[in-house]
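The values are calculated or read from the model by the stated rules, or taken from the named source; none is laboratory data. None of these values were measured; they are calculated from a predicted model. No Cβ is skipped: glycine too gets one built from the backbone with ideal geometry, and neighbour counts run over all protein chains shown.
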Amino acid sequence: MEVIVISESNGDLLHPVTAQLVGASSSLGGNITILCPGGKGLSEAAEISGVSKVISVEGDCFQSYDSNAWSKALAPHAEGDLVLTSSSSTGRELASSIAAIRGIPVLQDATNISEGIVVSRPIYSGKVIETSSVKIPCVITLRANSYEASESSGKAEISTVNQTADVTISIRKALERAGEKIDVSEADIIISGGRGMGEPSNFSNLEEVADLLGAAVGASRAAVDTWDEIPHSMQVGQTGKTVTPSLYIAVGISGAIQHLAGMRTSKYIVAINKDPEAPIFGVADYGVVATWEEALPALKNELSALLSN
Amino acid sequence: MGVAVLIKQVPDTTSKVSVAGDRVDESSVSKWSISPYDEYALECAMRLKESGYSEVVAITCGPQRSSKALTEAAAVGADSLIHVHVEDSLDSIQVQTLLSAAIKRTGSEIVLCGKQAADTNSGSTGPGIASILDYSCVGVVSEVSVDDGVLVATRQGPSGLEEIEVSAPCLFTFDKGESELRRPNVRGIMMAKKKTVEALTPGDLGVDLGESAVIVNSHSSPPDKPPGQKFEGVSSIATVVQKLRDEANVI
Ligand SMILES: Cc1cc2nc3c(=O)[nH]c(=O)nc-3n(C[C@H](O)[C@H](O)[C@H](O)COP(=O)(O)OP(=O)(O)OC[C@H]3O[C@@H](n4cnc5c(N)ncnc54)[C@H](O)[C@@H]3O)c2cc1C
Ligand SMILES: Nc1ncnc2c1ncn2[C@@H]1O[C@H](COP(=O)(O)O)[C@@H](O)[C@H]1O
């Protein structure tokens, strides 16, 4: 089986999910080629073990993001039996467009891919797991942190192709730069605050804990809607981001069903809430009934002590 | 020129979704609604109409029940309604092919849809349709307006939040925006009831669906987690941190 992995980049670097995509492909026993859109993360991609070829797809169209142009440029090189991308929003868009150009189906946000091809994925915001069989050729996007990353002891052959495609979207102005803070959809640990934080300035207490853990700061919709300082990009839930970190810490969040929809598949959940009846405790692995005013300073101290050991 | 908005009917986000046997049990769904992001797309379509586009056509593809979502869209102002009637479950490319054919029939060069439906959670339909129709595609937008003949949108792109411009033909996939959603008033609801829904079959659209390349084997409820541990008071923070290290191995 020919597998084409489309790499994900993080600025100019390779996003770690790319090695996880290779990990998932290896378990299927395919011959793996990585496509690097715009050549980003090329040398890192070539070091991922189990990859036979890395193709840098270059061209002016990769200077800014235009999913239609990018997918037109990538599709001629993505003719494999299985095309795999990350289930980030860019990954989903490219996957869908390439699938449509080829006239084949796409399955999004797989958490497991096995021979056959059999795909499991959460639907209805994680309330249901769907398992389906899909005929090849097909396109699949994989949820980050679902597979172990392939090691980086490989040495794949690198080639470059030039591709043109018309860019039709032009950027007028940047409103808020990505990358200054860790994004919740990429983080392995998330600490989120809700309306119980009282004031947006109190989120600095969450940031301090986040800095200790290398975590991202998220928020409930009530926090995003109530305070202008808390941008929608931080929102976790039904109408925000769906996240699957190893650890999710919810502070002053009641645990409404729409919030749970975005985070209940996290590996471990900690809840800090002053109300012992708050529904968030129903999904928490570790619940602490306390106010954040008491709990966060204690958490900071304990973590500093533990992590400096 | 008209604006097309794609509306999907899904179980309301407050409704229970349960599995019976190995399939989602639709009869347990207490309320069906327009998928949340589609509501933002619809709101934007109404605003574009107010700024000069001739009409808003709402399109859905799905079983009989889903035509109610079109009536709900009419209640907030959609002018014409198209229901592509299909009872079977379709794969992504089949849905996209049908909706693309319906859009083509309306001649709309601006298409708005949700970034992700609340049932599939996929985000395949918009970008797929844009590729089939060869329209520009702007994903994850929170606002679209017209400025001097060009379309201006706020999108969450890979390099952050940005204001972009693009010309028709273009498809936009909607995120939650800042705009207040309009609610239907009594007059709107009365008018909507009288509106006809144009019901079309795949054949009417000249589409031969063929076989689905995806076969759903089963639906299941996510595995139950072991019951959580709950602690009273701030003194337990030390215990929890220790457990995160020793039991959970996450820090
Ligand atoms: C269509 C739709 C989509 C939605 N999408 C989302 C979504 O994507 N994400 C989302 O989050 N919500 C979403 N919601 C909203 C959701 O229903 C809730 O309103 C929201 O999640 C509540 O946020 P909250 O928990 O921060 O606030 P609240 O429900 O007000 O809870 C605040 C909590 O803080 C606790 N608290 C108060 N003071 C303290 C203190 N000093 N220390 C510790 N704890 C304290 C309280 O006990 C309470 O449990 C959606 C709703 C709808 C209808
Ligand atoms: N059957 C359908 N009928 C109408 N619109 C749809 C349909 N399926 C998907 N869409 C639109 O495409 C968006 C994304 O859907 P999905 O790709 O299933 O996540 C939805 O929010 C709708 O706007």
*Of the numbered conditions (1) surrounded by 15 or more Cβ atoms within 10 Å (Cβ to Cβ); (2) in contact with a helix residue (DSSP H, G or I) (Cβ under 8 Å, 6 or more places away or on another chain); (3) facing chain B (nearest Cβ under 9 Å), A:GLY103 fails exactly one; give the number of that condition.*
(1)
*Would you check if A:ALA261 is of a type in the set (A, V, I, L, M), part of a loop (DSSP other than H, G, I, E, B), within 12 Å of chain B (Cβ to nearest Cβ) and crowded, with 18+ Cβ neighbours inside 10 Å?*
no
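Say whether the condition of being at pLDDT 95 or above and away from ligand 1 (no atom under 15 Å from the Cβ) is met by at least one residue in the range A:245-255. Spell out how you get there, then give the answer.
So in the range A:245-255, the residues at pLDDT 95 or above come out as A:247-255.
Those left that are additionally away from ligand 1 (no atom under 15 Å from the Cβ): A:247.
Checked against the condition, which is being at pLDDT 95 or above and away from ligand 1 (no atom under 15 Å from the Cβ), the range A:245-255 yields at least one hit.
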*asked:* Can you pull out every residue in the range B:181-211 that is more than 20 Å from B:SER33 (Cβ to Cβ) and within 12 Å of chain A (Cβ to nearest Cβ)?
replied: B:GLY210, B:GLU211
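Quick test for you: out of B:GLU165, B:GLU178, pick the one residue that is over 30 Å from B:LEU90 (Cα atoms) and either surrounded by 15 or more Cβ atoms within 10 Å (Cβ to Cβ) or away from chain A (no Cβ under 11 Å) (or both). It would help to see each step written out before you state the result.
On the way: B:GLU178 fails: either surrounded by 15 or more Cβ atoms within 10 Å (Cβ to Cβ) or away from chain A (no Cβ under 11 Å) (or both).
Going through B:GLU165, B:GLU178 in turn, the sole match is B:GLU165.
Enumerate the strands (runs of 3 or more DSSP E) found wholly within the range B:110-208, keeping only those where 1 or more residues are more than 16 Å from the chain's Cα centre (by Cα) and without any contact (Cβ under 8 Å) to a residue 24 or more places away in the chain. Full working, then the answer.
Details: elements: B:110-114, B:136-147, B:150-157, B:160-166, B:170-174, B:197-200.
It comes to B:136-147, B:150-157, B:160-166.
Going by what's in this entry, would A:GLY116 be described as touching a residue at least 24 places away in the same chain (Cβ under 8 Å) and over 20 Å from A:SER150 (Cβ atoms)? Steps first, please.
Working: touching a residue at least 24 places away in the same chain (Cβ under 8 Å): no; over 20 Å from A:SER150 (Cβ atoms): yes.
In short, no.
Any chance the range B:62-72 includes a residue that's within 16 Å of ligand 1 (Cβ to nearest atom) and more than 27 Å from A:GLN108 (Cα to Cα)? Before the answer, list the steps.
Going through the range B:62-72, the residues within 16 Å of ligand 1 (Cβ to nearest atom) turn out to be B:69, B:72.
Narrowing the set further to residues that are more than 27 Å from A:GLN108 (Cα to Cα) leaves B:72.
Within the range B:62-72, one or more residues are within 16 Å of ligand 1 (Cβ to nearest atom) and more than 27 Å from A:GLN108 (Cα to Cα).
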*Of A:THR168, A:THR131, A:THR164, A:THR141, which residue is away from every other protein chain (no Cβ under 12 Å) and β-branched (Val, Ile, Thr)?*
A:THR164
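Taking the stated definitions as given, is A:ALA219 more than 6 Å from ligand 1 (Cβ to nearest atom), within 10 Å of chain B (Cβ to nearest Cβ) and within 28 Å of A:LEU175 (Cβ to Cβ)? Steps first, answer last, please.
Values: more than 6 Å from ligand 1 (Cβ to nearest atom): yes; within 10 Å of chain B (Cβ to nearest Cβ): no; within 28 Å of A:LEU175 (Cβ to Cβ): yes.
Here the answer is no, as A:ALA219 does not meet what is asked.
Determine, yes or no, whether A:ALA149 is at pLDDT below 95, more than 16 Å from ligand 1 (Cβ to nearest atom), in the same structural domain as A:SER304 (by TED's automatic domain parsing) and within 23 Å of A:THR90 (Cα to Cα).
Working: at pLDDT below 95: yes; more than 16 Å from ligand 1 (Cβ to nearest atom): yes; in the same structural domain as A:SER304 (by TED's automatic domain parsing): no; within 23 Å of A:THR90 (Cα to Cα): yes.
Answer is no for this residue.
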*Condition test on B:THR120, is it at the interface with chain A (Cβ under 7 Å from one of its Cβ atoms), surrounded by fewer than 22 Cβ atoms within 10 Å (Cβ to Cβ) and within 16 Å of ligand 2 (Cβ to nearest atom)?*
yes
*Check A:ILE169, A:ILE158, A:ILE117 and return the single one that is in contact with an Asp or Glu (Cβ under 7 Å, 6 or more places away or on another chain) and of a type outside the set (Gly, Ala, Ser).*
A:ILE169
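Test A:LEU306 against the stated conditions and say whether it is more than 16 Å from ligand 2 (Cβ to nearest atom), surrounded by fewer than 22 Cβ atoms within 10 Å (Cβ to Cβ) and aliphatic (A, V, I, L, M).
On the way: more than 16 Å from ligand 2 (Cβ to nearest atom): yes; surrounded by fewer than 22 Cβ atoms within 10 Å (Cβ to Cβ): yes; aliphatic (A, V, I, L, M): yes.
Against the criterion (more than 16 Å from ligand 2 (Cβ to nearest atom), surrounded by fewer than 22 Cβ atoms within 10 Å (Cβ to Cβ) and aliphatic (A, V, I, L, M)), A:LEU306 qualifies.
Let's see how each residue does on (1) facing chain B (nearest Cβ under 9 Å); (2) within 12 Å of ligand 1 (Cβ to nearest atom); (3) part of a loop (DSSP other than H, G, I, E, B):
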residue: A:THR265; (1), (2), (3): yes, no, yes
residue: A:ASP275; (1), (2), (3): no, yes, yes
residue: A:PHE281; (1), (2), (3): yes, yes, no
residue: A:ALA295; (1), (2), (3): yes, yes, no
*Of the residues A:GLY214, A:GLY198, A:GLY237, which single one is buried (at least 22 other Cβ atoms within 10 Å of the Cβ) and either away from ligand 2 (no atom under 16 Å from the Cβ) or assigned by TED's automatic domain parsing to the domain that holds A:VAL283 (or both)?*
A:GLY237
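Just the residues that are touching a residue at least 40 places away in the same chain (Cβ under 8 Å) and part of a loop (DSSP other than H, G, I, E, B), please, taken from the range A:179-212. Full working, then the answer.
Residues of the range A:179-212 that are touching a residue at least 40 places away in the same chain (Cβ under 8 Å), as a first pass: A:179, A:183-198, A:202, A:205-206, A:208-209, A:212.
The answer is A:GLY179, A:ASP183, A:VAL184, A:SER185, A:GLU186, A:ALA187, A:ASP188, A:GLY194, A:GLY198.
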_List pairs: first residue in the range B:10-30 and over 18 Å from B:SER89 (Cβ atoms), second residue aliphatic (A, V, I, L, M) and within 12 Å of ligand 1 (Cβ to nearest atom) anywhere in the structure, Cβ distance under 9 angstrom, at least six positions apart or on different chains._
B:ASP12/B:ALA118; B:THR13/A:ILE257; B:THR13/A:ALA261; B:THR13/B:ALA118; B:THR14/A:ILE257
*If you check B:GLY128 against the conditions, is it under 20 Å from A:THR141 (Cβ atoms), away from ligand 1 (no atom under 16 Å from the Cβ) and crowded, with 23+ Cβ neighbours inside 10 Å?*
yes
*Restricting the range A:174-186 to residues that are within 12 Å of chain B (Cβ to nearest Cβ) and under 17 Å from A:VAL243 (Cα atoms), which is surrounded by the fewest Cβ atoms within 10 Å (Cβ to Cβ)?*
A:LYS181
_Flag for B:ALA118 being within 16 Å of ligand 1 (Cβ to nearest atom) and farther than 20 Å from A:ARG102 by Cβ_ = yes
